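As structure tokens, the structure follows; a few thoughts come after it.
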2 protein chains.
Amino acid sequence: MRKTIFVFSALIIALLVLFRLSRYSYVSEDISIELTIGSIAVIFFLVGIYINKKTLHKEKSRPTQIDHKKIEQLGISKREYEVLILISKGLSNKEIADTLFVSESTIKTHVSNLLLKLDAQRRTQAIKKAKELQILEQ
Amino acid sequence: MRKTIFVFSALIIALLVLFRLSRYSYVSEDISIELTIGSIAVIFFLVGIYINKKTLHKEKSRPTQIDHKKIEQLGISKREYEVLILISKGLSNKEIADTLFVSESTIKTHVSNLLLKLDAQRRTQAIKKAKELQILEQ
DNA sequence: TCCGGACTCATACTAAAGTACCAATTTTGT
DNA sequence: ACAAAATTGGTACTTTAGTATGAGTCCGGA
């Protein structure tokens, strides 16, 4: 968003400068006018493409904006959320325990709580629901 | 984001209008050149955005194309693939068995074969790998 | 017609996953 | 500082998941 503002500001400034230049030049030279017009056309065309690509790219790479509010609403704690992420990566309870440097018992507790909060019967179902609720990346 | 673009476009147009008005107020000169330049800039800018949107639209409408060739390459059969889809929906072996009207033993066999073919140790890992391989919708 | 692959199912396991309950720390907000 | 919430961990248990192995059925291609 801030980038877009800067780019457009720069465009407006460039316009002003061009107006200034054209005022001094078009009386003396004739070719420079067409040159200026052509250049401006090309530049603005490219800028249009560039801006559009930027904005569309952000929409494409953000179809999965994580809904932190929903995580809070469900009462999922920080640690539980970490476990949820690792579950979705296909890790076993033991592997998650080793990753987070805690015991497997602890992970089992977290997973049980997660299943309750996500209203799921299995970790695979928890993964699916979490993605539907947009609290996990697709 | 799109709003910003429109707002700034409007600003540029307003600038052009202002230039025109200011010209009539004190200089009273021919301003057709500046107007032309400005119009061309805006038009080409919009054309750039339009063209880019057209070309990018194709990519956006195909975010998760299932790679049937990869399914074949991995030697995953029709029935195994059905099971894989139901696994990714969070169903248990028993639920999958009831859905496909076969016994749980059959599903276990399919799952075991799937894990081998996907080089996974757990069904959760199979889900993740299958999505990475684009043989399952995200 | 014969063969191989796909699909089915069973038994007998072992290994994970998940539940229930309890309890000790640690963190955190007021 | 104190209560509440979060994190950790344990035992004991039930339920799923997954492996290994064998075997019967069905179907399409050589």
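The values are calculated or read from the model by the stated rules, or taken from the named source; none is laboratory data. Only a predicted model underlies this, so the values are computations on that prediction, with no experimental measurement involved. Cβ placement follows ideal geometry from the backbone for every residue including glycine, while neighbour counts extend to all protein chains displayed.
Observations, loosely collected:
- Looking across segment A:85-122, the residues that are within 14 Å of chain B (Cβ to nearest Cβ), more than 10 Å from DNA strand D (Cβ to nearest atom) and charged (D, E, K, R) come down to A:Lys89, A:Lys94, A:Glu95, A:Asp119.
- Segment B:75-100 residues that are among the hydroxyl-bearing types (Ser, Thr, Tyr), paired with ones that are away from DNA strand C (no atom under 11 Å from the Cβ) and not in a helix (DSSP H, G or I) (beta carbon under 8 Å, 6 or more apart): B:Tyr81/B:Ile135; B:Ser88/B:Leu136; B:Thr99/B:Leu91
- Any helices (runs of 4 or more DSSP H) falling wholly within segment B:33-138 and containing at least 3 residues that are modelled with pLDDT under 95: B:68-73
- Taken over segment B:90-138, the criterion of being β-branched (Val, Ile, Thr) and closer than 20 Å to A:Ser92 by Cβ is satisfied by B:Val111, B:Thr124, B:Ile127.
- A:Gly75 within 10 Å of DNA strand D (Cβ to nearest atom), under 23 Å from B:Leu91 (Cβ atoms) and within 27 Å of the chain's Cα centre (by Cα): no
- Scanning segment A:123-138 for residues that are facing another protein chain (nearest Cβ under 7 Å) and basic (Lys, Arg), we see that the one that is surrounded by the fewest Cβ atoms within 10 Å (Cβ to Cβ) is A:Lys128.
- Pick from segment A:73-114, criterion more than 9 Å from DNA strand C (Cβ to nearest atom) and within 18 Å of B:Lys129 (Cα to Cα), ranking: surrounded by the most Cβ atoms within 10 Å (Cβ to Cβ): A:Leu84
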